[in-house]
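*Asks:* The structure's right below; bear with me while I get my questions together.
Please treat every number below as a calculation from the coordinates, not as lab data. These numbers come from a predicted model, not from an experiment. Note that each Cβ is placed from the backbone with ideal geometry, even for glycine, and that neighbours are counted across all protein chains shown.
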Amino acid sequence: MKKKDKSSHESSRRSFIKKSAVGAAAAFIVPRHVLGGIGYTAPSDQLVLAAIGAGGKGASDIRNASVGGRERVVALCDVDFSGSAASSVKLFPDAKLYADYRIMLDKEKDIDAVTISIPDHGHGPAASRAMDRGLHVYVQKPLTHNIREARHLTEKAREKRVVTQMGNQGGSNPLLNMVQGWVDSGVLGKISKIQVWTNRPVWPQGGLMQAPDLSKKPAALDWNLWLGAAPNREYTPDLHPFSWRGWWDYGTGALGDMGCHLIDIPFRTLNLKYPLDAECSVGTVYSQMWTPDYSPEGCPASSFVTLHYAATDKSKSPIEMTWSDGGIKPSHPDIIPADQDIGGPGSANGVLIIGEKGLISTNVNDSSPIMPKLYLNDGTTDFGPETEPNDEPEYGHQRKWVDACKAGFGSAEHRGLTSSFDYAGPMTETVLMGNLAIRSYMLRRETSDGGMDYYARKKLLWDGENMRVTNVEEANQFVGRTYRDGFGL
């Protein structure tokens with residue numbers, strides 16, 4: 001008898017996952033729960049998962065995606081298994097271990113889906129390569145390091161017909177329905193202004209990067225693979241595992257860290273599209289008299305960004321959104337009693353959606369109490385709960401993605417996802433448009449008298465469809481990036 005080809009077997013299994021299990025179940029004379037116990041899931045019914053980034057947030061992402069062992073994790077990839085990734089190895093002892101996700105994706109032919117939870121600069125290349133292999137992908141926020149990557153992943157997900165989800169888990173928070181209900185009811189009247197803020201960064205940012213020092217590199221860390229798409233650089237202390245966020249080669253600053261949790265709320269509830277323009281200012285640091293510090297390779301200690309949007313079906317007027325970080329927050333609105341926080345606890349993070357008849361105040365929607373509050377000019381108020389009922393980790397954000405992967409592209413489960421790339425891609429582009437303005441703010445050229453002309457410190461006009469700044473050509477260098485060989489899209 002001719003042995004069945006493995007690739008043919010795998011194709012059949014994947015097809016099975018995307019369809020109903022009814023036909024297969026009918027072939028069992030003895031009920032499956034009798035064979036495997038209550039709650040048993042046959043291997044042929046399991047989603048086969050792998051993790052690209054198994055420590056830190058990656059540990060909880062792959063753990064939650066396994067749905068308590070319901071699904072099968074066959075491979076873990078991390079550049080340093082000596083750190084927090086060790087917890088994933090302990091949880092999934094049968095998983096094969098890899099340092100290079102490219103090798104893992106080439107060798108592990110049975111994988112159906114991957115979680116990607118690595119530094120921002122690796123999101124786009126890893127997700128693109130996985131989708132090229134027909135794999136469903138769950139990618140941590142921000143979806144990508146730059147705007148061109150976000151558009152690329154959004155389009156590729158449709159082309160490859162894979163199920164996607166970005167890791168802004170607050171998008172699955174059921175209390176967002178309360179905010180959506182207030183917006184849809186029209187009680188705010190025309191909404192014209194949104195204010196968003198965060199206390200981030202809470203990591204070193206705004207100064208100079210440490211000097212390289214190979215003697216401090218952890219023995220288990222593969223530095224070359226950690227660099228990935230970024231330019232070659234000798235090992236530099238403190239970038240791995242977390243403080244990379246404040247450096248443009250790897251991270252996306254406070255906006256990238258928190259924007260997909262905070263901007264998500266108004267972007268979603270008001271059905272916003274691409275911004276029309278972007279303008280910013282940043283906090284200036286002086287280490288010596290009259291000479292501002294200049295370190296364009298790093299994110300600033302604080303920033304203030306203004307974006308404008310056209311009117312939407314949810315509000316009939318143009319909308320201005322402001323973002324501030326580094327502890328800069330909006331003034332306390334008169335309509336909110338002075339002894340009450342705006343946004344979240346201590347007013348550290350928050351969103352104000354402001355209309356002609358009142359406003360909505362919410363906290364960050366990650367895994368924090370979103371604390372939605374409605375204040376109307378006539379004295380009417382409506383408050384959501386201070387604590388949230390949550391029956392499963394992170395509002396089931398990863399589990400819903402897994403269920404959608406098993407149901408298939410275009411299924412009701414897929415359409416019900418809150419952050420598939422059709423939504424998360426454009427929303428991430430808004431977040432990264434703020435960063436484009438911040439990076440452009442540091443562009444300069446020497447003048448004839450020896451001074452410096454910061455020529456991009458102006459409102460940048462944005463053609464969202466074509467991903468171009470139309471009035472400062474040099475700003476377009478930040479729409480995308482260059483990649484090291486082997487780590488591109």
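*Asks:* To one decimal place, what orientation-averaged projected area in nm² is obtained for the convex hull of the Cα set of the range 144-224?
*Replies:* About 11.1 nm², averaged over all directions.
*Asks:* Moving to a separate point now. In angstroms, what radius of gyration and Dmax does the range 91-210 have, counting Cα atoms only?
*Replies:* 18.9, 57
*Asks:* Now a separate question. Find the percent of Cα-Cα distances in the range 354-489 that exceed 22 Å, and round it to a whole number.
*Replies:* Tail of P(r) above 22 Å: 66 percent of Cα pairs.
*Asks:* Please give the charge dipole size of the range 174-261, origin at the Cα centre, charges +1 on K and R Cβ atoms and -1 on D and E Cβ atoms. Round to the nearest 20 debye.
*Replies:* Its charge dipole is roughly 260 debye.
*Asks:* May I ask for the distance between the Cα centers of the range 371-410 and the range 305-369, given as a whole number of Å?
*Replies:* A separation of 18 Å, based on Cα centres.
*Asks:* Please list, ordered by chain and number, the residues whose modelled amide H lies under 5 Å from the amide H of Trp197; skip anything fewer than 5 residues away on the same chain.
*Replies:* Amide H neighbours of Trp197, under 5 Å, 5+ apart: Ser324, Gly350.
*Asks:* With +1 assigned to the C-beta of every Lys and Arg and -1 to the C-beta of every Asp and Glu, and no other charges, what is the dipole magnitude of the chain about the Cα centre in debye, to the nearest 20?
*Replies:* Dipole about the Cα centre, nearest 20: 1840 debye.
*Asks:* For the range 164-284, what does the relative contact order come out to in percent, with C-alpha contacts under 8 Å and a separation of six or more?
*Replies:* After rounding, I find 30 percent.
*Asks:* Report relative contact order for the chain in percent, whole number only (criteria: Cα-Cα under 8 Å, sequence separation at least 6).
*Replies:* So the answer I get is 19 percent.
*Asks:* Please state the relative contact order of the range 270-402 as a whole percent: Cα pairs under 8 Å, 6+ residues apart?
*Replies:* The value is 13 percent.
*Asks:* Under the rule of -39500 (n - 2.57) per DSSP H run of 4 or more residues, summed and divided by the residues of the chain, what mean residue ellipticity at 222 nm is obtained, to the nearest 500 deg cm²/dmol?
*Replies:* Counting only the DSSP helices, I get -8000 deg cm²/dmol.
*Asks:* Roughly what % antiparallel, to the nearest 5, for the DSSP beta bridges in the chain?
*Replies:* Counting DSSP beta bridges with both partners in the chain, the antiparallel share is about 60 percent.
*Asks:* Where Rh is the Kirkwood radius over the Cα pairs of the range 209-274, the temperature 37 °C and the viscosity 0.692 mPa s, what D in µm²/s does Stokes-Einstein return?
*Replies:* The estimated diffusion coefficient comes to 234 µm²/s.
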